[in-house]
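Okay, structure first, notes after.
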């Protein structure tokens, strides 16, 4: 079951993000962007969705003028391999369509090579690479045809 996060989910959301992204700190040389995000504000804005009972995964979706931005997706390492990530990716597709978008976008750090390969396997198209807010990023799009 996927539902919009509430303030009661804040501790779970922040814990999942910490557990999911800590392994990248040494690789990047700094905490990844999702680790420094303002989750109380994201939850208040209705941008965070969670799955599991207890919560095991989350996705952050942000409305942009011409696309839906998949800003973050994180699965608790203890729940990885259970399909939570793919379920949330399918939810993002459906949610973008429901909101009237024809395109999803996302970005990831250039050193997160496993994520880059996963997005390509899931039909995302790499649109470029560059530095954004001081981080080396790979940008992707997915048309919803």
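Consider region 14-29. How many of its residues are more than 15 Å from residue 78 (Cβ to Cβ) and either part of a helix (DSSP H, G or I) or touching a residue at least 24 places away in the same chain (Cβ under 8 Å) (or both)?
6
Is it the case, given these coordinates, that residue 3 is touching a strand residue (DSSP E or B) at 6+ places or on another chain (Cβ under 8 Å), in contact (Cβ under 8 Å) with a residue 24 or more places away in the chain and under 20 Å from residue 82 (Cβ atoms)?
For residue 3, the condition - touching a strand residue (DSSP E or B) at 6+ places or on another chain (Cβ under 8 Å), in contact (Cβ under 8 Å) with a residue 24 or more places away in the chain and under 20 Å from residue 82 (Cβ atoms) - is met.
Run down 36, 60 and say which single residue is within 15 Å of the chain's Cα centre (by Cα), exposed (fewer than 14 other Cβ atoms within 10 Å of the Cβ) and farther than 14 Å from residue 78 by Cα.
36
Within region 68-102, take every residue that is touching a residue at least 60 places away in the same chain (Cβ under 8 Å) and crowded, with 19+ Cβ neighbours inside 10 Å and give me the one that is farthest from residue 10 (Cα to Cα).
It comes out as 88.
Since residue 123 meets every condition but one in (1) over 15 Å from the mean Cα position of the chain (by Cα); (2) farther than 16 Å from residue 144 by Cα; (3) without any contact (Cβ under 8 Å) to a residue 60 or more places away in the chain, which condition does it not meet?
Failing condition for residue 123: (2).
Coordinate-derived values only; no laboratory data. On a predicted model such as this, the values are computed, not experimentally measured, just so you know. When we count neighbours, we look across all protein chains shown, and the Cβ atoms used for this are built from the backbone with ideal geometry, even at glycine.
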